[in-house]
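The block underneath contains the structure these notes are about, expressed in structure tokens.
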Amino acid sequence: MAFYAALASAQGAPQPAPGQNTPYVDRTLIETAPDIAAEIAREEAEEVAQPDGRRGYSARLLGLYRDPNPGPSVHGGGLSLAHSRETRDWGLWRFEADIQRLSDDNLQPSTVPRITVYSLALPVTGRWLADTAAGIARTSGSGLMTNSYRVYLPRSVIAGATTRWYDERNEVYASAGETGSLFGAILPQYRSNGGELVGAGWIHTASPQWRFGVEANYFTGSTNVPENGNYSGVVEYSWTPYDHAKLHLLGSSNGGFGGWTDWENRLANWTYRYGAYALSRTLLYNDAFFINNQRGAYARSDYYDLTKFASVGIDAAQINPQPRAGEIGTNIVQGLASGTYRLGRRESLGGTLNVLYQSVIAGEGITAGPSTVSGSASAYFSKSSPFGTTQFQYTHGFQSGGALDSSSDGVSWTQDWPLSTTSSVGTTLGITRESLPEGPAYRWLAALRGRAVIGNSGSIDGNISWNRFDPTRGSLQRGLTFNLYGRLPFARNWALELTATYDQLNTTQLALGGAPPLLQAALPTTFSSRYVLLGIRFQEDIGRPFGVTGSSTGLAGTGDVEGRIFLDENGDGRPQPDEPGARGITVLLDGRITARTDADGRFSFSAVPTGRHTVTVAVDTVPLPWAPRDEAPQSVDVPLRGTARLDLGLTRLR
């Protein structure tokens, strides 16, 4: 009791009289409640002050300095602007612009700034939404059409327009414009390749199990890729949410053809993926340097539970399987396996195995070289302790076949050192012995990395690594790499950004086995590169999402409901100029949203979802001797971005 009394006295609480029971007082709640209330009031005030409709503003001003050695230094600047605004009836609009200027024009030949305007989730009808982009953008497409496990249909960069219309079961997309590419030392800029592309596609969900898709494109005008038209189709069948099969066919107007299939199914903790593909030599796809003239198959299995993960797979492929005279092709078979096992809450071990077999397919006039087998295997052990997370790893690599037989063995120690909840440091030490045809060689590695969190949204990340290569013959190499990334907020919505890198490679020529001294002297001894990108960013996001009034109808977009409650003196159900409105009557939308009529009997509901709703007059708010002509809810159809009108008369009770 004396302890509690002393504690209460120290906190300024009144002391109980001797012999009186001490009441329990939660000082923490009492003292912090006003602060919590003030914080809640502040947040509510800010929320009330937020305008309807989310909107965002951002700007980045960037400066670049790059100094490669050998080579000339480069400096320049860039400006990135973006603005987005959500509207009630016309979806989300966004504007983006990236502009850069460099001191060396050879790094940005014939480029133009990237400027794009987006319209997203625009209600077209009650069921259809549209996403549209104009300016520098990528062509529209569907993941069902473009993605597979081994083959990918790339989207082209165009200066033009793209659009995608979609509802619950359909997706229609189209694109048209001049083709080009994006690249830039600071910000992405557009460079034309002279081609023109127009295309369209359609994806249809016929049922929860079946999906279909077709696409057609026409490309012309480029000096890099031949003119071509291409057409593709895809069908997917899903017998469960986790099991599906897909078949994809692609053809081009020059006679090229390709097809691929992907299967995936899950059984307990196992996931199986397998498929095959074949792409002809002449197959073309828009302006892309499409990976054609190959065929292959794959199979992969993954297992996962709370303590174990395992993966095993095999790939077989032929690149240029029927080489012409003077050409070569390649047979490839690759196997891989990996696994992790958690020994307990703090320990785990695992490993990987990768084996690659390659052989040459020789065309007429070509002598096939020897087959090669290469691969690697690794094993690691990881443990968490009060000193951080420790990992030891052993790696073995090998290559056999021809004159390049070699092997390597390496060990490394990686340690994450705990500092605080907002900062961390890690180290890595490693050594590898390589058995090369000219003799043994050693690689040494030492690395340090760190991260520190500054405030709520600031951070600094950095790493530095040193490596050394000691061969029996050739060049002794020593390298140093430093990277620093930082983001430092200095005012509300403002932050400084920094990216800095430094690379240095020193080489010392060892004996070349009789090479002339002039050749040895001509070899460079030092390569270095310095890169600094400094920026200042402004980012502000304000507003709150537009709310809707009334029940959801499953349709896109909103409209308004307006009406008038009037005293129907003649009983014809139609408002006449001399029939006054009824003031103070409560009207319900969908039985739950209320509005009260004004002096002229008018009421309104805004932002009502498109589709059918009900309007009801609250009978208990109608003064005697008047009553609604029909007390049942009245139906009203709300048009997209339009107004539905409903006039309701009150008749005199007899």
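Of all residues in the stretch 536-547, those being open to solvent by 40 Å² or more (accessible area, probe 1.4 Å), of a type outside the set (D, E, K, R) and at pLDDT 90 or above number 4.
Residues in the stretch 316-327 that are surrounded by 16 or more Cβ atoms within 10 Å (Cβ to Cβ) and either in contact (Cβ under 8 Å) with a residue 24 or more places away in the chain or β-branched (V, I, T) (or both): Q318, I319, N320, P321, P323. Filtered by the rule that a residue be open to solvent by less than 20 Å² (accessible area, probe 1.4 Å) and of a type in the set (G, A, S), the stretch 622-641 gives a lone residue, A627.
Take A599 and decide whether it is at pLDDT 90 or above and exposed (fewer than 13 other Cβ atoms within 10 Å of the Cβ). It is true that A599 is at pLDDT 90 or above and exposed (fewer than 13 other Cβ atoms within 10 Å of the Cβ).
If you check A97 against the conditions, is it closer than 18 Å to D131 by Cβ and open to solvent by less than 70 Å² (accessible area, probe 1.4 Å)? For A97, the condition - closer than 18 Å to D131 by Cβ and open to solvent by less than 70 Å² (accessible area, probe 1.4 Å) - is not met. None of G584, G591, G563, G571 is over 30 Å from S80 (Cα atoms), open to solvent by less than 60 Å² (accessible area, probe 1.4 Å) and either free of Cβ contacts under 8 Å to residues at least 12 places away in the same chain or assigned to a strand (DSSP E or B) (or both) except G563.
Figure legend. Inter-residue proximity from the stretch 234-248: first residues under 12 Å from Y274 (Cβ atoms), second residues open to solvent by 50 Å² or more (accessible area, probe 1.4 Å), beta-carbon distance below 7 Å, spacing 6+ or different chains. Indicated pairs: A245/Y237; A245/W263. Residues in the stretch 340-374 that are free of Cβ contacts under 8 Å to residues at least 24 places away in the same chain and in a strand (DSSP E or B): N354, V355. The residues of the stretch 602-621 that are of a type outside the set (G, A, S), crowded, with 16+ Cβ neighbours inside 10 Å and part of a strand (DSSP E or B), listed by number, are R602, F603, F605, V608, P609, H613, V615, T616, V617. Restricting attention to the stretch 147-169, the residues that are part of a strand (DSSP E or B) and either surrounded by fewer than 18 Cβ atoms within 10 Å (Cβ to Cβ) or out of contact with any strand residue (DSSP E or B) (no Cβ under 7 Å at 6 or more places or on another chain) (or both) add up to 1.
Starting from residues that are of a type in the set (A, V, I, L, M) and assigned to a loop (DSSP other than H, G, I, E, B), keep the ones in the stretch 622-654 and report whichever is farthest from the chain's Cα centre (by Cα). Out of the qualifying residues, it is L653.
Being farther than 26 Å from N292 by Cα and under 26 Å from the mean Cα position of the chain (by Cα) narrows it down to one residue among R273, R266; which is it?
Every option except R266 fails the conditions.
Taking each residue of the stretch 260-278 that is in contact (Cβ under 8 Å) with a residue 60 or more places away in the chain and hydrophobic (A, V, I, L, M, F, W, C) and looking for partners that are outside any strand (DSSP E or B) and surrounded by 15 or more Cβ atoms within 10 Å (Cβ to Cβ) with beta-carbon atoms closer than 8 Å, six or more apart or interchain, yields W260/S148; W260/R150; W260/V151. Among the residues of the stretch 481-493, those that are more than 24 Å from the chain's Cα centre (by Cα) and exposed (fewer than 15 other Cβ atoms within 10 Å of the Cβ) comprise F490, A491, R492. Checking each residue in the stretch 281-299 for being surrounded by fewer than 21 Cβ atoms within 10 Å (Cβ to Cβ), closer than 26 Å to S222 by Cα and either modelled with pLDDT of 95 or more or under 25 Å from the mean Cα position of the chain (by Cα) (or both) picks out A288, F289, I291.
Consider the stretch 268-280 and keep the residues that are among the aromatic types (F, W, Y) and more than 21 Å from N230 (Cβ to Cβ). The one that is least open to solvent (accessible area, probe 1.4 Å) is Y272.
Return the residues of the stretch 363-389 that are surrounded by fewer than 15 Cβ atoms within 10 Å (Cβ to Cβ) and polar (S, T, N, Q); say none if nothing qualifies. If the condition is that a residue be surrounded by fewer than 15 Cβ atoms within 10 Å (Cβ to Cβ) and polar (S, T, N, Q), then T367, S371, S385 are the ones that fit.
The set of residues from the stretch 39-72 being part of a helix (DSSP H, G or I) and either open to solvent by 70 Å² or more (accessible area, probe 1.4 Å) or modelled with pLDDT of 95 or more (or both) comprises E39, I40, R42, E43, E44, E46, E47, V48, A49.
Take L122 and decide whether it is more than 23 Å from G259 (Cβ to Cβ), in contact with a Pro (Cβ under 7 Å, 6 or more places away or on another chain), touching a residue at least 12 places away in the same chain (Cβ under 8 Å) and not in a helix (DSSP H, G or I).
Judged against the criteria, L122 is not a match.
When every residue of the stretch 73-91 is checked against the conditions, at least one turns out to be touching a Ser or Thr at 6+ places or on another chain (Cβ under 6 Å), open to solvent by 70 Å² or more (accessible area, probe 1.4 Å) and more than 20 Å from E196 (Cα to Cα).
The values are calculated or read from the model by the stated rules, or taken from the named source; none is laboratory data. Just so you know, these numbers come straight off a predicted model, no measurement behind them. Methodologically, a virtual Cβ is constructed for each residue, glycine included, from the backbone with ideal geometry; neighbour enumeration extends over all protein chains shown. Side chains included, ligands, DNA and RNA excluded: accessible areas come from the protein's heavy atoms. Shrake-Rupley method; radii C 1.70, N 1.55, O 1.52, S 1.80 Å.
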